[in-house]
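What follows is a short report on a single structure.
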Amino acid sequence: NRNLKFYAYAIGYSSEDLCIKQSEVLKKINDFGFKTNSLSRICSCFNEIIENFNHLERIRSKLEYDIDGVVHKVNNINLQSRLGNISKSPRWAIAQKLPSDKVETKIISIDVQVGRTGAITPVARLQQVTVGGVVVSNASLHNDDEIKRKDIRVNDIVVLERAGDVIPHILEVVKSKRLLDSKSFIFPLTCPSCGSKLLKQNDDAIIRCSNTNFCNAQIIERIKHFISRDAMNIEGLGEKQIEVFFNKGILQKIPDIYNLYKIKEQLIKEKGFGVKSINNLLQSIENSKENYLDKVIFGLGIRFVGKKTSRILALNFNSLYDLINLIINEQIYENSLSEIDQIGEKSINELYKFFKDNNNFKIVEELLTYIKPKQIEKPEIVGNVVGKKIVFTGTLEKISRSEAKNIAENKGAIVSSSISKNIDFLIIGDNPGSKKKKAIELGIQILTEEEWINLING
C-alpha cells in the first residue's frame, strides 16, 4: 500500500558459512529472491574506487531513490572478520559521502542551550528553508570558537547544508549581504539557566556551567538521558513532559522516576496523558528496574562514559556496587580502573570525579534502592584462557596487536594494559620494554607469541 521497496545488502546471521566474499553474499541474496542494488561493483584498486564514486555522483540525480554516499567494503569475508569492528562501525567498511545540497537562509537569533554535562551549545534560529527535502529552522553552532572562526552574527545570510544529508550545518557567512550595523555575537558569561559562572578548561573547546549539581537545565537533561532508548529505554515520558514535571516539582532527580506510581491519579489529569498512557508509562518504568548493568552505567550520563565504555565496565564488574566500592575505597583494592583495557584516562578521571561527588553518590545510592541491574550476558566460552588476565607488549610478528586482543577476548581472556600482580600472563613480541622487567619482578608467567598461540589453540 505504501509502495515501499527494499534493497538487501548483507546477511545478519547464518547457521552456516554461505560465502567467502561480499559479492557472493549479494548473489546468494538474489538467489533467495530478494533485490540487491545493481550499482554494486567490485573494484581492484584505489583508482577504480574513486572512478566508481565519481560515476555515482554523476548519475545521482537520475536515480529513482535518494542516496547520500557510497560504502566501500572489503570483499573477502575472512578479512572482514580479522579487521573486526569498533563500537559504532566496522573496520572493513567506510562511507564516503556525496556533496550535500546547499541553500542560503537568514539567522533570526542565536540562543544557547545547556546540556547534561553543563556544555553550553549555541544554536542558530533560522528563517525556515528547505534543504535536501527537509524543512530546517535550527542549526547547532557547536561552540564559541566556531562562531568566532566563521564570524557568525544575528541577521547574517548564511550558506546552509545538511552534513551527510542529515544534520543542518552552517558552512559560511555571505559577507556581501551583511547589514552595515551588524555586531559580533557576544557569548554569555553566566549560565542562562542558573546564572552561575561559565568556565572553559584549557584543553576543552566547550564552555561549561560551573554549577554541576544544582543547575536545573543540567538536571533536566540528565533525566532525559537516563530514560532514553540507549539507556534505560523508558517509553511514554517525552522531553517536554519531563520539563513540565520538573517545573511542577514532580521530577527533581533521576530516582523520582520510580515514585511516579504514587501519584498515578494526579498524572492521569496532566495534559497529554490518560489512563492508558499512564499505565503504559508505569509498566515501562517497572520493566526498567531489571535492566542490564551497562544500560544503567550509560544512563547516569557520566562524561566520557559512552555505550562502549559502559559495556566494558559492565563486563569487568558484577554490580554497580563493585564499581563504586573500587572508586571510593581504591586503596583497599589491588586492581584499578587503569588496568582495564580500552578504558581511557579521561573516562577514568570522570568516573572518579562522578562517584566521589557526594551529591552524585547519594542519587546513585537512592536509585539502587529501586532498581536491580542485571549482569551483562557473557557468551559461554571454554578454553585454557577463560577468565585469565593478560597483557600484550612488544611487536607481534604473525598478527597485529589489536587483532591479538580481539582473539584473546573472544577466547574469554581479560586484556589489560598494565602489569600488576593480578595478571596471569604477559605475552611478549619484539622489543617488550619495561613491562617484561616488571613481570619478572612480580613472578608473572611470560609467553612468547608462539607459546600464546599454542595455548589458546590447545
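The values are calculated or read from the model by the stated rules, or taken from the named source; none is laboratory data. Remember, it's a predicted structure, so these values are computed and weren't measured experimentally. Ideal geometry is used to build each Cβ from the backbone, glycine not excepted, and the neighbour counts take in all protein chains shown. Surface accessibility is based on the protein's heavy atoms, side chains included, excluding ligands, DNA and RNA. Shrake-Rupley method; radii C 1.70, N 1.55, O 1.52, S 1.80 Å.
What the table below lists for this structure:
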quantity: Residues of region 365-404 with amide N under 15 Å of the 7 Å Cα→Cβ point at Asn259; calculated: 365-371
quantity: Nearest-20 debye value, the chain charge dipole, Cβ charges on Lys, Arg, Asp, Glu; calculated: 1000
quantity: Surface accessible to a 1.4 Å probe, His225 within the full protein complex, Å²; calculated: 30
quantity: Cut-off under 5 Å, modelled amide H: who pairs with Gln252 long-range; calculated: none
quantity: Order of exposure, largest accessible area first, which applies to Leu198, Leu442 with probe 1.4 Å; calculated: Leu442, Leu198
quantity: Average Cα contact separation per residue, region 137-281, under 8 Å, 6 or more apart, as relative contact order %; calculated: 14
quantity: Volume per residue of the C-alpha convex hull in the chain, rounded to whole Å³; calculated: 228
quantity: Length released on extending from Ser402 to Asp66, taking residue separation times 0.36 nm less the Cα-Cα span; calculated: 117.3 nm
quantity: Probe 1.4 Å - accessible area at Asp31, Å² to nearest ten; calculated: 100
quantity: Length released on extending from Ile59 to Asn47, taking residue separation times 0.36 nm less the Cα-Cα span; calculated: 2.5 nm
quantity: Exposure of Glu16 as accessible area (Å², to 10), given a probe of 1.4 Å and all protein chains; calculated: 120
quantity: Label-point gap, in nm, between Lys269 and Leu368 - each point 7 angstrom along Cα→Cβ; calculated: 3.8
quantity: Size of region 200-269 as Cα extents on the principal axes (Å, biggest first); calculated: 50, 25, 19
quantity: Nonlocal amide H pairs with Leu447, under 5 Å, H built at 1.01 Å; calculated: Leu426, Ile427, Ile428
quantity: Cβ-placed point charges (K, R +1; D, E -1), dipole of region 83-193 about Cα centre in debye, nearest 20; calculated: 120
quantity: Rounded percent of accessible protein surface that carbon and sulfur make up, region 265-357, 1.4 Å probe; calculated: 48
quantity: Spin-label pair Thr190/His142, simplified geometry with 7 Å Cα→Cβ offset, distance in nm; calculated: 3.0
quantity: Heavy-atom SASA rank of Phe187, Phe32 (probe 1.4 Å, accessible area, largest first); calculated: Phe32, Phe187
quantity: Asn3-Asp17 pseudo-label distance in nm [points 7 Å out on the Cα-to-Cβ vector]; calculated: 4.5
quantity: Over 18 Å between alpha carbons, listed pairs Lys346/Lys438; Lys21/Lys398; Lys307/Lys346; Lys106/Lys240; Lys200/Lys253; Lys295/Lys374; calculated: Lys346/Lys438; Lys21/Lys398; Lys106/Lys240; Lys200/Lys253
quantity: Listed residues Val385, Val244, Val174 arranged by accessible area, highest first, probe 1.4 Å; calculated: Val244, Val174, Val385
quantity: Dipole-positive endmost among Thr369, Val275, Gly306 within region 234-378 (Cβ charges, Cα centre); calculated: Val275
quantity: Whether region 234-352 is rounded, prolate or oblate, judged on the alpha carbon gyration tensor where a/c under 1.5 counts as rounded; calculated: prolate
quantity: Segment Lys276-Asn213, extension gain: residue separation times 0.36 nm, minus the distance between their alpha carbons; calculated: 19.2 nm
